[in-house]
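Chemist: This is the structure I have questions about; it appears just below.
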Amino acid sequence: MAPKLLKALGITILAFILSTVLMRPFSFSASAFLSNPEKSDFAITDFYSIVADSRPVRTIDDDIVVINLNGLDREGIAQVLELMPLLSPAAVGLDVAFVEPRDNDSRLLAAIAGCPNLVMPVALNQNSGNGKFSLGEISFFADSTARHVPLGATNLPARYAKSTIREFRTFFPINHSIVNYTDSIPSFVVAVAQTARPSLAEVLARRGNTLEMINYPSRSFRIFNPEEIVGNAHLMAGKILLLGDTDDLADMHATPVTSTMSGVMIHAHALSTIIHNGYLDSFTKAQNLTLAFALCLIIVLTSVMLPIGIKGLIMRITQVALLYFVVRLGYSLFLDHNMVIDFSYALLMLAFGLFACDIWIGLTNIWLGLRRRYRKLVAARAQL
Amino acid sequence: MKKLLLVSIISALGSLVAVAQYSIHSLSGDVKLKKGMQFVPVAKGTSLTAADVLELGEGASIEIFNTTNSQTYKCVKPGLSSVSGIIISATSLASNKGKSIRDNMNFSRSSASGTGHVYVESGMVKRTMATYDPEARNIEVDPRELSRFVVNALRNPDAVKDTECPAAFTHTPNPHGGLSFSIGNTLSSPIYFNVIKVADNAISKVCISELGQPSGSYVLLPAQTISREHLSPMAANERHILIMTHFNFDVDKLIEQIETTVQSGDNSIPDSSLNVYFSIL
């Protein structure tokens, strides 16, 4: 048993080396296999999210309500804000920046001053090099409001422009002071959570992550137009209200569950992740590699132990079964325990395991053949 | 306004004790509620009991909201189903992880259910489009998704009754029996629209309307208007339908795809993330 185990270990290590050398041409295979059209922007959580979101049962978030400000001018937004005190909201996240003053802003400014638990947005620019941010866009009155209105950065992190939004940032370190913030500014959703649910914001802070994955699947929100506020006030009283444009084409982003989602809806999902403690915890790279190594070792050991006659059939069945097991396990952990396993390593290793077996056997046979010839040659010379 | 808000909050709180446990959260297509021996149409917000029986037509869908746990349960299966049956079935499907994975796992790049992407790359970037709408210069609405929406709307006009046109749109018959329309783009982004027609409700025989724009679609930039009038009398058996979207679409591809969708018997539910406005002139 021990020699076979050592042999299996050696083949598994060979498989890892092969996967490292050959990984790049095969890296697209996971996305094609799982039919993700975005071949250059794929994460394993996208597959889990798509599957989970396709279920016929969804949860309407009772704590967060979105008010669609599409088509409203400043006067209209002021009218909406004037209703906020009557709803006694836990927090009001206004995802609209008023960059420049205009005539007749007095009503808007008064409505903002009178809105309870308000959080205003700020857009930041990332500075290349030092990883810090500087001020991009902010409402013109941010410095001058009589009371300190918390600010939150609305920037959404992505690998590149127009790529999928999977995470939200917790805090943004800043180069220079912005209003009352000297070292860092919280993200918009963190600022809203700090206002509405300080204890839950503390839980987020204790996690200590710069980026947190947004738990998108199977969650919906009540969205109302301004004219529907009065008739549905009972559904908004005491809740967290997010005010923004759900139809703004300039603020549409790709997410794992849909190709176009407005910024305010992404904020709603991120906020829901915080409020309902729906954080997703990933396996570390070391843990993912360990899992891949273990699965590869299982398949290689099985191959080494089996007699040659039935080996081919059983190995193919084992490979497919393990593949399904890995996907199923990953999905179950994602859904039931909010854990994320990146099984792309495991998928690769299942393929490379048998490849490495064939290479090992081939090289071993070549070596044995050469050694036999060498010994014959030596024996023949000795006879002479 | 504020007094009205206060009164509505107080009365709503008071009526909470009488609120039904189930209600219709959303629906599309032909959905009816069985009342005795009759079937009556239902709308969003209709209260339901667990024993109520619903009839779903081909291609219809319904989501039932449970106030107790704030969850919605979706059903797309045509035929008769009780509310409790829908909830049990949806819950069972949701917990069947193996089936969920199998339904979403396939070996091609295209979305199997057709509910993936509603916008596609349009191929060659046209110079004029790059000037007109640089943000969306190489995007067009997926003609297959758009055709499903059009077919569904033509089959179930009541389902799209509440779809409000976001632009300033008016249309009137003119004294000679013709038709005219006027659209003003009050949005902050371009809008694209075209007009097709259907004769004798034969959806598969859709073609471009006399008021339509061949090869492509109309486009209006923000703060632009357009008016068009057809003076000659229109045939009484023809329906002229305006289709408006936020991205470019090719009317030739759309007409071809509508024919294909009808002939293939495709009853898929249109993707609700596609913003399409639909109006009969």
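Just so you know, all these numbers are worked out from the coordinates, no wet-lab data involved. Worth saying up front: this structure is predicted, and the values here are computed from it rather than measured. Note that each Cβ is placed from the backbone with ideal geometry, even for glycine, and that neighbours are counted across all protein chains shown.
Chemist: Over the range B:18-95, what is the relative contact order in percent, taking alpha-carbon pairs closer than 8 angstrom and at least six residues apart?
Modeler: It comes to 31 percent, rounded to a whole number.
Chemist: Compute the Cα gyration tensor for the range A:57-279, then decide on rounded, prolate or oblate, letting a ≥ b ≥ c be the square roots of its eigenvalues: rounded whenever a/c is under 1.5, prolate when a/b is larger than b/c in the other cases, and oblate in all that remain.
Modeler: rounded
Chemist: Among A:T20, A:Y48, A:M261, which residue has its Cα positioned farthest towards the positive end of the charge dipole of chain A, with +1 placed on the Cβ of Lys and Arg, -1 on the Cβ of Asp and Glu, and the dipole taken about the Cα centre?
Modeler: The residue sitting farthest along the positive end of the dipole is A:T20.
Chemist: Write down the percent of antiparallel bridges among all DSSP beta bridges whose residues are both part of the protein assembly as shown, to the nearest 5. Before the final figure, lay out the partial values.
Modeler: Details: 74 of 98 bridges.
Close to 75 percent.
Chemist: Out of the trypsin sites (Lys or Arg not before Pro) in the range A:85-187, which ones are loop residues according to DSSP with at most 12 other C-beta atoms within 10 Å?
Modeler: Hits after loop and neighbour filter: A:R102, A:R147, A:R159, A:K162.
Chemist: What's the FRET efficiency of A:R107 with B:S189 using the Cβ-Cβ distance as r and R₀ = 30 Å, to the nearest 0.05? Present the calculation step by step, with values, prior to reporting the outcome.
Modeler: On the way: r = 27 Å, r/R0 = 0.90.
Once the sixth-power term is evaluated, E becomes 0.65.
Chemist: Same structure again: Which whole-number percentage describes the relative contact order of chain A, with Cα contacts under 8 Å and a sequence gap of 6 or more?
Modeler: Values: 585 pairs, mean separation 88.4, N = 384.
Contact order relative to length: 23 percent.
Chemist: From the Cα gyration tensor of chain A, with a ≥ b ≥ c the square roots of its eigenvalues, which class applies: rounded if a/c is under 1.5, or else prolate if a/b is larger than b/c, or else oblate?
Modeler: Prolate, because a/c is 1.5 or more and a/b exceeds b/c.
Chemist: Using only the Cα atoms of the protein assembly as shown, build the gyration tensor, take square roots of its eigenvalues as a ≥ b ≥ c, and label the shape rounded, prolate or oblate: rounded if a/c is under 1.5, else prolate if a/b is larger than b/c, else oblate.
Modeler: Since a/c reaches 1.5 and a/b is larger than b/c, the shape of the protein assembly as shown is classed as prolate.
Chemist: With each pseudo-label sitting 7 Å past Cα toward Cβ, what's the B:T260-B:Q21 distance in nm, one decimal?
Modeler: Those two pseudo-labels are separated by 4.7 nm.
Chemist: Which chymotrypsin sites (Phe, Trp or Tyr not before Pro) in the range A:101-153 pass both tests, a DSSP loop state and at most 16 other beta-carbon atoms within 10 Å?
Modeler: When the chymotrypsin sites (Phe, Trp or Tyr not before Pro) of the range A:101-153 are filtered for loop state and at most 16 Cβ neighbours within 10 Å, A:F140, A:F141 remain.
Chemist: If you rank B:L33, B:L221, B:L242 by fewest surrounding Cβ atoms within 10 Å, what's the result?
Modeler: So the ranking, lowest neighbour count to highest, is B:L221, B:L33, B:L242.
Chemist: Quote the FRET efficiency, to the nearest 0.05, computed for B:A235 versus B:I203 with a Förster distance R0 of 25 Å and r equal to the Cβ-Cβ distance.
Modeler: 0.90
Chemist: So for B:S188, A:S49, B:S279, B:S227, fewest C-beta neighbours within 10 Å to most, what's the order?
Modeler: Exposure proxy ranking, most exposed first: B:S227, B:S188, B:S279, A:S49.
Chemist: Please work out the FRET efficiency for the pair A:Y279 and A:D183, using the Cβ-Cβ distance as r and a Förster radius of 25 Å; give the result to the nearest 0.05.
Modeler: Here the calculated transfer efficiency is 0.55.
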